[in-house]
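Student: Starting off with a structure, shown below.
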Amino acid sequence: MSEVVSFERHDNIAVVTVNSPPVNALSAAVRGGIFDGVKRAIDDPQVAGIVLTCAGRTFIAGADITEFGKPPQPPGLAEVLSLIESSPKPVVAAIHGTALGGGLEVALACHYRVATKDAKLGLPEVKLGLLPGAGGTQRLPRAVGPELAVKMIVGGDPIGASEALKAGLIEEIVEGPASGGEAFARKLVAEKRPLRKLRDDDSKLAAARADRSIFTNAVAALTKKARGLDAPFAAADAVGAAIDLPFEEGLKKEREGFLKLMNGDQSKAQRYAFFAEREAAKIAGVPDGTKPRNVARVAILGAGTMGGGIAMSFANAGIPVTLVETGEDQLKRGMGIMQKNYEATAARGGIPADAPAKRMALINGVVGIENVGDADLVIEAVFETMAVKKEVFGKLDQYAKPGAVLASNTSYLNIDEIAKSTKRPQDVLGMHFFSPANVMKLCEIVRADKTAPDALVTAVSIARKIAKVPAVVGVCDGFVGNRMLAQRGKQSEKLLFEGALPQQVDAVVTKFGMPMGPFAMGDLAGLDIGWRSRKDRGIKSEIADALCEAGRFGQKTGKGYYKYEPGSRAALPDPEVEKLIDETLARLGRKKRVVSDDEILERMMYPMINEGAKILAEGIAARPSDIDVVWLYGYGWPIYRGGPMYWADTVGLKHIADRLSFYAKETNDPSLEPAPLLKKLADEGKTFASLAAPSKAA
Ligand code: 3H9
């Protein structure tokens, strides 16, 4: 019937099947195919009931995001849904995999829904900076009530089939989608069940209409963390319209909200980020068809903060771990911390009550590196010095099984150098996790000179399996993220010497949307670490050193660039710090000046972008979007600004290059001169995006 939608009639049941890999997204062809299929079923006098289902790995995963921002192609989704809903014959959506966004909206326009037991149903549009634009905000509250609808629409997380059944979103859990859907449709027809149109059923809205706080409390709980984002608030408004307005008027409100978001800068950036994340998993320069090695068990060396967090990430994904320590005491401490972490998450309702025991059972704590023999991947998370790492990798050569991938979790050391301490450098690479490793999504996969393509593919694929976002980077000091961050750190310190205060700098950075400014971050990490390393290297940093000499090591001592009340992590500006800065400047004969917020922002961000340009020119990152992925998932870069390189393109590279030249002169800092690549792009009026294959996002 159509290339992507087929029609079959089994006795009096029509089965319309979407088959548009990879995820059956609602492209114009799919919309047209569904329209034609349903229309044919309605027109066929032999047909009494209709099943809408999908082939492949999933039910419809949403609108086709690549079509957004392009001229709309008929038929519109609203037209398709209206045909389905107004069908005089019952239409059953038979769901497997993920029914997301427009996909769930199609299902909501059907009269009934059934799903397989592992199916997931959700409206994740907010994560793309959007709100559901095809009736989801009006029909879902009518299906499950406004409280759960707010959770799913404003929060964007899907629910499983059993919760969907309990909430009334589906009628039955079935074995196979097509066969189950068909059997259900036969039952409907035999029992002459009435058509159930959600648009006409306001029963689940009554409670919130009588007491609106049911809705407002649910919204407040979910928008608490939505700082800077437009979509969650607009999505909440649209659900509010379902409570306050008749269906058709609610739909109109929803449509207005959807179009405004779709045409706005935030959603554009978020859609870019969606594709950037997927692009990052495609490794440049690896032969096509390179298969990952099988990873059935992982060994992690070191049960400290990083090792423990990494072990938890694998256990969370059901992958067994051998966690290796050098002594019983360290091991016991590490295992205890993981156990506590899991229990705290379970107590908050983040994981099921039986999950801590199940996950801990996957982590086998042992003493002695000789126990790594059955692991297919070994990740070392030991002390961060080259000598220790080399010793460990030398031993791995002896104990790891042939073909095991050997990864270092170093955050800046040279992997080529580490690889030299083994006879199998082809198996060695970096897997740089970010702290806390069980929470942060980024994993920089460091490709060394001799890393074999299949070892690299193994690291990328296992990182995805444990729900991390991998980005492949090359060997250099600090890799992509920390190398760029160092530029920001340098400028933030210099700003204090010119008259800015830590709280002023941090406020500019958090207002931009980063979760924390450089000084609050320093306090969190501990200022003594940098102090010790500076002393080792004979380097001075007058203000930071003076703070440490005064015993101000950051949060752990209750004082750093800020002061902290006992038991609190809230950074409070401290007049003593201002005094200490003033005294240091006076001692050095430096004059203070008023530093504007605009200057702070430029000096925080532009040097990082400059470093990003160098990273690209050196091939340390293959694509600008890989750098963006690093910042989005490792450092909390605000997703609605797409990432530093994407953001730089929106600011304009000419402007950035000009400002860097200006600051290079003004602050007598030649390192701020625009990098050759930045300068070239700026001179040619080009963007970083022009360096990559055109992104799928419009
Ligand atoms: C929406 O529906 C708006 C409506 O309310 C209103 C309309 C009027 N479009 O993630 P994967 C591609 S907004 C186009 O690696 P997984 C993806 O780029 C949408 N392409 O697989 C990748 O391509 P490639 C609401 C899409 O198994 C390939 O499919 N829906 C789309 O790890 C495989 O993807 C969403 O937000 C799409 N919608 O995860 C759901 N989705 O191979 C977005 C995927 O060339 N999608 N692709 O790199 C997802 O969350 C995940 O893809 C999914 C599968 C969970 C489905």
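The values are calculated or read from the model by the stated rules, or taken from the named source; none is laboratory data. All figures in this text were calculated on a predicted structure; none of them were measured in a lab. Virtual Cβ from ideal backbone geometry, glycine too; neighbours counted across all protein chains shown. Only protein heavy atoms, including side chains, enter the accessible area calculation; ligands, DNA and RNA are left aside. Shrake-Rupley method; radii C 1.70, N 1.55, O 1.52, S 1.80 Å.
Student: Has segment 96-104 got at least one residue that is away from the ligand (no atom under 13 Å from the Cβ) and surrounded by fewer than 24 Cβ atoms within 10 Å (Cβ to Cβ)? Don't jump to the end; show me each part of the working.
Tutor: Let us first name the residues in segment 96-104 that are away from the ligand (no atom under 13 Å from the Cβ), namely none.
Looking through segment 96-104, none of the residues is away from the ligand (no atom under 13 Å from the Cβ) and surrounded by fewer than 24 Cβ atoms within 10 Å (Cβ to Cβ).
Student: Only one of (1) over 27 Å from Q426 (Cα atoms); (2) surrounded by 14 or more Cβ atoms within 10 Å (Cβ to Cβ); (3) within 25 Å of the chain's Cα centre (by Cα) fails for L362. Which number is that?
Tutor: Here L362 clears every test but (3).
Student: Is it true that some residue in segment 268-279 is closer than 30 Å to L130 by Cα and free of Cβ contacts under 8 Å to residues at least 24 places away in the same chain?
Tutor: Our first condition is that a residue be closer than 30 Å to L130 by Cα; within segment 268-279, this holds for 268-279.
Still in the running and free of Cβ contacts under 8 Å to residues at least 24 places away in the same chain: 278.
The answer is yes; a qualifying residue exists.
Student: So, R483, is that one away from the ligand (no atom under 16 Å from the Cβ), touching a Gly at 6+ places or on another chain (Cβ under 7 Å) and more than 25 Å from D597 (Cβ to Cβ) or not? Reasoning before the result, please.
Tutor: Numbers: away from the ligand (no atom under 16 Å from the Cβ): yes; touching a Gly at 6+ places or on another chain (Cβ under 7 Å): no; more than 25 Å from D597 (Cβ to Cβ): yes.
Here the answer is no, as R483 does not meet what is asked.
Student: Only one residue in V439, V388 is modelled with pLDDT under 95 and part of a helix (DSSP H, G or I), so which one is that?
Tutor: Details: V439 fails: part of a helix (DSSP H, G or I).
V388 is the lone residue from the list that is modelled with pLDDT under 95 and part of a helix (DSSP H, G or I).
Student: Which fully enclosed strands (runs of 3 or more DSSP E) of segment 2-56 have 1 or more residues being within 16 Å of the ligand (Cβ to nearest atom) and surrounded by 15 or more Cβ atoms within 10 Å (Cβ to Cβ)? Step through it out loud before you land on a result.
Tutor: Details: elements: 5-10, 13-18, 49-54.
Because the criterion is at least 1 residues that are within 16 Å of the ligand (Cβ to nearest atom) and surrounded by 15 or more Cβ atoms within 10 Å (Cβ to Cβ), the strands (runs of 3 or more DSSP E) in segment 2-56 that meet it are 13-18, 49-54.
Residue-by-condition table, conditions (1) more than 14 Å from the ligand (Cβ to nearest atom); (2) open to solvent by 50 Å² or more (accessible area, probe 1.4 Å):
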site	(1), (2)
D244	yes, yes
E249	yes, yes
E254	no, no
A269	yes, no
Y272	no, no
F275	no, no
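Student: For segment 218-248, name all the residues that are at pLDDT below 95 and not basic (K, R). Steps first, answer last, please.
Tutor: Residues of segment 218-248 that are at pLDDT below 95, as a first pass: 218-228.
Residues satisfying the conditions are A218, V219, A220, A221, L222, T223, A226, G228.
Student: Can you tell me which condition V15 does not meet? The list is (1) in contact with a Gly (Cβ under 7 Å, 6 or more places away or on another chain); (2) within 15 Å of A93 (Cα to Cα), and all the others hold.
Tutor: Status for V15: all satisfied but (1).
Student: Considering only segment 321-358, how many residues are in a helix (DSSP H, G or I) and in contact with a Phe, Trp or Tyr (Cβ under 6 Å, 6 or more places away or on another chain)?
Tutor: Residues of segment 321-358 in a helix (DSSP H, G or I): 328-347, 355-358.
Checking which are in contact with a Phe, Trp or Tyr (Cβ under 6 Å, 6 or more places away or on another chain) leaves us with 356.
Number satisfying all stated conditions: 1.
Student: Just give me the residues in segment 74-87 being open to solvent by less than 30 Å² (accessible area, probe 1.4 Å) and within 12 Å of the ligand (Cβ to nearest atom), in sequence order.
Tutor: If the condition is that a residue be open to solvent by less than 30 Å² (accessible area, probe 1.4 Å) and within 12 Å of the ligand (Cβ to nearest atom), then P75, V80, L81 are the ones that fit.
Student: Given the conditions (1) closer than 21 Å to T422 by Cα; (2) outside any strand (DSSP E or B), which single one is not true for G318?
Tutor: (1)
Student: Inside segment 369-401, can you point out the residues that are of a type in the set (G, A, S) and either touching a helix residue (DSSP H, G or I) at 6+ places or on another chain (Cβ under 9 Å) or closer than 20 Å to E417 by Cα (or both)? Break it down into steps so the answer makes sense when it comes.
Tutor: Initial filter on segment 369-401 (of a type in the set (G, A, S)): 373, 375, 381, 387, 394, 400.
Answer for segment 369-401, where residues must be of a type in the set (G, A, S) and either touching a helix residue (DSSP H, G or I) at 6+ places or on another chain (Cβ under 9 Å) or closer than 20 Å to E417 by Cα (or both): G373, A381, A387, G394, A400.
Student: Out of (1) at pLDDT 95 or above; (2) surrounded by fewer than 23 Cβ atoms within 10 Å (Cβ to Cβ); (3) within 26 Å of W631 (Cα to Cα), what's the single condition that is false for A311?
Tutor: In the conditions (1) at pLDDT 95 or above; (2) surrounded by fewer than 23 Cβ atoms within 10 Å (Cβ to Cβ); (3) within 26 Å of W631 (Cα to Cα), A311 misses (2) alone.
Student: If we scan segment 202-209, do we find a residue that is open to solvent by less than 40 Å² (accessible area, probe 1.4 Å) and either outside any helix (DSSP H, G or I) or not hydrophobic (A, V, I, L, M, F, W, C) (or both)? Steps first, please.
Tutor: The first filter runs over segment 202-209 and keeps only residues open to solvent by less than 40 Å² (accessible area, probe 1.4 Å), leaving 205, 208.
Next cut, either outside any helix (DSSP H, G or I) or not hydrophobic (A, V, I, L, M, F, W, C) (or both) only: none.
Checked against the condition, which is being open to solvent by less than 40 Å² (accessible area, probe 1.4 Å) and either outside any helix (DSSP H, G or I) or not hydrophobic (A, V, I, L, M, F, W, C) (or both), segment 202-209 yields no hits at all.
Student: Out of L527, L501, report the one residue that is within 27 Å of G589 (Cα to Cα) and touching a strand residue (DSSP E or B) at 6+ places or on another chain (Cβ under 7 Å). Give the derivation first.
Tutor: Working: L501 fails: touching a strand residue (DSSP E or B) at 6+ places or on another chain (Cβ under 7 Å).
Testing whether each residue is within 27 Å of G589 (Cα to Cα) and touching a strand residue (DSSP E or B) at 6+ places or on another chain (Cβ under 7 Å) leaves just L527.
Student: Could you check, for segment 636-650, whether at least one of its residues is open to solvent by less than 10 Å² (accessible area, probe 1.4 Å) and either modelled with pLDDT under 95 or over 27 Å from M440 (Cβ atoms) (or both)?
Tutor: Taking every residue of segment 636-650 in turn, none turns out to be open to solvent by less than 10 Å² (accessible area, probe 1.4 Å) and either modelled with pLDDT under 95 or over 27 Å from M440 (Cβ atoms) (or both).
Student: Can you tell me which of P90, P71 is open to solvent by 10 Å² or more (accessible area, probe 1.4 Å) and more than 15 Å from the ligand (Cβ to nearest atom)?
Tutor: On the way: P71 fails: more than 15 Å from the ligand (Cβ to nearest atom).
Among P90, P71, only P90 is open to solvent by 10 Å² or more (accessible area, probe 1.4 Å) and more than 15 Å from the ligand (Cβ to nearest atom).
Student: Here's a follow-up. In this structure, does N482 turn out to be open to solvent by 10 Å² or more (accessible area, probe 1.4 Å), assigned to a loop (DSSP other than H, G, I, E, B) and touching a residue at least 12 places away in the same chain (Cβ under 8 Å)?
Tutor: Details: open to solvent by 10 Å² or more (accessible area, probe 1.4 Å): yes; assigned to a loop (DSSP other than H, G, I, E, B): no; touching a residue at least 12 places away in the same chain (Cβ under 8 Å): yes.
For N482, the condition - open to solvent by 10 Å² or more (accessible area, probe 1.4 Å), assigned to a loop (DSSP other than H, G, I, E, B) and touching a residue at least 12 places away in the same chain (Cβ under 8 Å) - is not met.
Student: Quick one: which residue in K511, K450, K494, K490 is of a type in the set (D, E, K, R), open to solvent by 40 Å² or more (accessible area, probe 1.4 Å) and part of a loop (DSSP other than H, G, I, E, B)? Outline the logic, then answer.
Tutor: Numbers: K511 fails: part of a loop (DSSP other than H, G, I, E, B); K494 fails: part of a loop (DSSP other than H, G, I, E, B); K490 fails: part of a loop (DSSP other than H, G, I, E, B).
Step by step, each of K511, K450, K494, K490 is checked, and only K450 is of a type in the set (D, E, K, R), open to solvent by 40 Å² or more (accessible area, probe 1.4 Å) and part of a loop (DSSP other than H, G, I, E, B).
Student: Out of segment 57-85, which residues are in a helix (DSSP H, G or I), β-branched (V, I, T) and closer than 19 Å to T98 by Cβ? Before the answer, list the steps.
Tutor: Going residue by residue through segment 57-85, those that are in a helix (DSSP H, G or I) are 65-67, 77-85.
Still in the list and also β-branched (V, I, T): 65-66, 80, 84.
Scanning segment 57-85 gives I65, T66.
Student: If I go through segment 350-371 residue by residue, how many of them are more than 23 Å from Q398 (Cα to Cα) and of a type in the set (D, E)?
Tutor: Final tally of qualifying residues: 1.
Student: A467 is checked against (1) within 24 Å of P515 (Cβ to Cβ); (2) surrounded by fewer than 23 Cβ atoms within 10 Å (Cβ to Cβ); (3) touching a helix residue (DSSP H, G or I) at 6+ places or on another chain (Cβ under 7 Å) and fails just one. What number does that condition carry?
Tutor: It fails just one condition, (3).
Student: Is segment 595-607 home to any residue that is more than 32 Å from the chain's Cα centre (by Cα) and at pLDDT 95 or above? It would help to see each step written out before you state the result.
Tutor: So in segment 595-607, the residues more than 32 Å from the chain's Cα centre (by Cα) come out as 595-596.
Among the residues that remain, those that are also at pLDDT 95 or above are: 595-596.
Yes, because at least one residue in segment 595-607 is more than 32 Å from the chain's Cα centre (by Cα) and at pLDDT 95 or above.
Matching residues to (1) out of contact with any Lys or Arg (no Cβ under 6 Å at 6 or more places or on another chain); (2) within 11 Å of the ligand (Cβ to nearest atom):
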position: R113; (1), (2): yes, no
position: L123; (1), (2): yes, yes
position: L130; (1), (2): yes, yes
position: R139; (1), (2): yes, no
position: E147; (1), (2): yes, no
position: V150; (1), (2): yes, no
position: G155; (1), (2): yes, no
position: A161; (1), (2): no, no
position: A164; (1), (2): yes, no
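Student: While we're here: Any residue in segment 33-50 that's closer than 17 Å to S6 by Cβ: show its pairings with residues that are modelled with pLDDT under 95 at Cβ separation under 6 Å, as long as the two are six or more apart or on different chains.
Tutor: Partner pairs satisfying both residue conditions: G33/S2.
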